[in-house]
Amino acid sequence: MNIHEYQGKEILNSFGVRIQRGIVAQTAQEAVNAAKELTEQTGTGWHVIKAQVHAGGRGKGGGVKLAKNLKEVEEIAGNIIGMNLVTPQTSAEGKKVHQVLVAEDVYYPGDNEPEEYYMSVLLNRSTGRNMIMYSTEGGMDIETVAEETPHLIFTEEIDPSVGLLGFQARRIAFNLGLSGTAFKEMTKFVSALYTAFEKSDSSLFEINPVLKTSDDKIMAVDAKVTLDDNALFRHKDYAEMRDIREENPTEVEAKKVGLNYVALDGNVGCMVNGAGLAMATMDLIKQAGGEPANFLDVGGTADAKRVEEAFRLILKDDKVEAILVNIFGGIVRCDRVAQGIVDAYKNMGDAINVPIIVRLQGTNADVAKKLIDDSGLGVHSAVQFQEAADKVQEVLS
Ligand code: GDP
Ligand code: MN
């Protein structure tokens, strides 16, 4: 589950990770009040106004702006709240901004220049260990750093039986070129950050930038936090941080009825049982010259009710020009599924307005094909994988 920057910072702060302080606001007036309160708490006169949406690259899209007085706070917050923010990580339509974080300006001048670093904590699946990935090149997107200057990205792997060790935190501070106060601050920052990662059952922390202020404090200026859905039962307070306005409405609906659905950009809807077969089906669609409109795993019980729910979800996407149903009847018999499809189709009346290609393979596949062919509905049947691909191609052209 993804959460907003301000929520991620709340979690970090609760584990003693130093953060750029801020207060979230829903309106321009609330933003002004937040700025006044922050000035009292921190002494800052300047504030950054940051759009709160589940997407990175907000700065590039005009979603992060510096305000030098309360009038600017009001103006900027007023402009950002309600805008459709387009960033390199959103679709072309962008994401609607419902709230902003009013934060203290932490790039104030002083003895040293402020410096930005990159730091993330995540699981390295090939070694089965958590790792801290970090770089001197903060503030820019890490994919570019990885491409152009890969030697500037460092990693530190953590042995789960002993946790992050002191020398590892010091190595990180050293590799970032720090000394004196900043060095000590960084080791504290890294230790607290790793504790936060483990205790919050997160699957990703991405802090870009981590800032060294002009007076050598180390803090998180940004926070992308992804929580592990499977551990949310242990964190009722985190579960409440879910903001479904940020999620795809069809995916939210699918979750409610227990279907595994992920929206994609293509024109061929897929209904498949089993995640592996679903992936293979998406490849098949590509080979046939189409693009998958979704990933949908209907699971083991493909009865009429579930099939109907699945059809309805797929058809909510108006880019869908055809639907490919690919079911392997192992535990569930193909003729049962075929009957389910026929029933669902009849039940839905005119709601199905695109051609459907059904490929059933496994137990009673021949009976199933006959059932569909004899139904008199606008459904094309296939038994072989290639046959199904050819039919997809045929209906698309
Ligand atoms: P992102 O663009 O979505 O990654 O949002 P960030 O939270 O990383 O902010 C983008 C950029 O805004 C940062 O890289 C900083 O350069 C800048 N920024 C953030 N906070 C401050 C601040 O307090 N003062 C100033 N002057 N710039 C800031
Ligand atoms: Mn950032």
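Here is the figure for the stretch 58-74: residues that are of a type outside the set (A, V, I, L, M, F, W, C), within 16 Å of ligand 1 (Cβ to nearest atom) and either part of a strand (DSSP E or B) or buried (at least 18 other Cβ atoms within 10 Å of the Cβ) (or both) total 4. Among the residues of the stretch 370-388, the ones that are under 11 Å from residue 285 (Cα atoms) and in contact with a Lys or Arg (Cβ under 9 Å, 6 or more places away or on another chain) come to 2 in all. Flag set for residue 94, criterion: of a type outside the set (A, V, I, L, M, F, W, C), within 20 Å of residue 5 (Cα to Cα), under 18 Å from the mean Cα position of the chain (by Cα) and within 15 Å of ligand 1 (Cβ to nearest atom). Looking across the stretch 11-40, the residues that are farther than 30 Å from residue 201 by Cα, free of Cβ contacts under 8 Å to residues at least 24 places away in the same chain and either polar (S, T, N, Q) or buried (at least 19 other Cβ atoms within 10 Å of the Cβ) (or both) come down to 33, 39. Kindly provide the set of residues from the stretch 52-68 that are under 14 Å from residue 89 (Cα atoms) and in contact (Cβ under 8 Å) with a residue 12 or more places away in the chain, ordered by number. Listed by number, the residues that qualify are 52, 53, 54, 55, 56, 57, 58, 60, 61, 62, 63.
For residue 92, are the conditions met, namely being free of Cβ contacts under 8 Å to residues at least 12 places away in the same chain, among the aliphatic types (A, V, I, L, M) and out of contact with any Cys (no Cβ under 6 Å at 6 or more places or on another chain)? Yes; evaluated as a whole, the condition is true for this residue. Among the residues making up the stretch 34-57, those that are more than 16 Å from ligand 2 (Cβ to nearest atom) and either charged (D, E, K, R) or part of a helix (DSSP H, G or I) (or both) are 34, 35, 36, 37, 38, 39, 40, 41, 42. For the stretch 140-152, the count of residues that are charged (D, E, K, R), within 12 Å of ligand 1 (Cβ to nearest atom) and either under 30 Å from residue 27 (Cα atoms) or in contact (Cβ under 8 Å) with a residue 40 or more places away in the chain (or both) is nonzero.
One line per residue, one yes/no per condition, for (1) at pLDDT below 95; (2) outside any loop (DSSP other than H, G, I, E, B); (3) over 17 Å from residue 207 (Cα atoms); (4) more than 16 Å from ligand 2 (Cβ to nearest atom):
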{"residue": "93", "(1), (2), (3), (4)": "yes, no, yes, yes"}
{"residue": "98", "(1), (2), (3), (4)": "no, no, yes, yes"}
{"residue": "103", "(1), (2), (3), (4)": "no, yes, no, no"}
{"residue": "116", "(1), (2), (3), (4)": "no, yes, no, no"}
{"residue": "119", "(1), (2), (3), (4)": "no, yes, no, no"}
{"residue": "133", "(1), (2), (3), (4)": "no, yes, no, no"}
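Based on what the data block shows, is residue 204 touching a residue at least 12 places away in the same chain (Cβ under 8 Å), among the aliphatic types (A, V, I, L, M), away from ligand 1 (no atom under 16 Å from the Cβ) and surrounded by fewer than 18 Cβ atoms within 10 Å (Cβ to Cβ)? Considered against the rule, which asks whether it is touching a residue at least 12 places away in the same chain (Cβ under 8 Å), among the aliphatic types (A, V, I, L, M), away from ligand 1 (no atom under 16 Å from the Cβ) and surrounded by fewer than 18 Cβ atoms within 10 Å (Cβ to Cβ), residue 204 comes out as no. All conditions in (1) under 29 Å from residue 72 (Cβ atoms); (2) at pLDDT 95 or above hold for residue 128, with the sole exception of (1). Evaluate the following for residue 77: is it buried (at least 21 other Cβ atoms within 10 Å of the Cβ), in contact with a helix residue (DSSP H, G or I) (Cβ under 7 Å, 6 or more places away or on another chain) and not in a loop (DSSP other than H, G, I, E, B)? For residue 77, the condition - buried (at least 21 other Cβ atoms within 10 Å of the Cβ), in contact with a helix residue (DSSP H, G or I) (Cβ under 7 Å, 6 or more places away or on another chain) and not in a loop (DSSP other than H, G, I, E, B) - is met. Taking (1) out of contact with any Leu (no Cβ under 6 Å at 6 or more places or on another chain); (2) surrounded by 14 or more Cβ atoms within 10 Å (Cβ to Cβ); (3) among the hydrophobic types (A, V, I, L, M, F, W, C); (4) over 25 Å from residue 87 (Cα atoms) in turn, residue 103 satisfies each apart from (4).
Per-residue answers, yes or no, for (1) free of Cβ contacts under 8 Å to residues at least 24 places away in the same chain; (2) buried (at least 23 other Cβ atoms within 10 Å of the Cβ):
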position	(1), (2)
326	no, yes
330	no, no
337	no, yes
342	no, no
350	yes, no
355	no, no
363	no, no
368	no, yes
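Taken over the stretch 47-57, residues that are β-branched (Val, Ile, Thr) and more than 8 Å from ligand 1 (Cβ to nearest atom) amount to 2. Residue count for the stretch 207-239, restricted to those that are among the charged types (D, E, K, R), touching a Leu at 6+ places or on another chain (Cβ under 8 Å) and within 11 Å of ligand 2 (Cβ to nearest atom): 1.
The values are calculated or read from the model by the stated rules, or taken from the named source; none is laboratory data. None of these values were measured; they are calculated from a predicted model. Cβ coordinates were reconstructed from backbone atoms using ideal geometry, including for glycine residues, and neighbour counts include every protein chain displayed.
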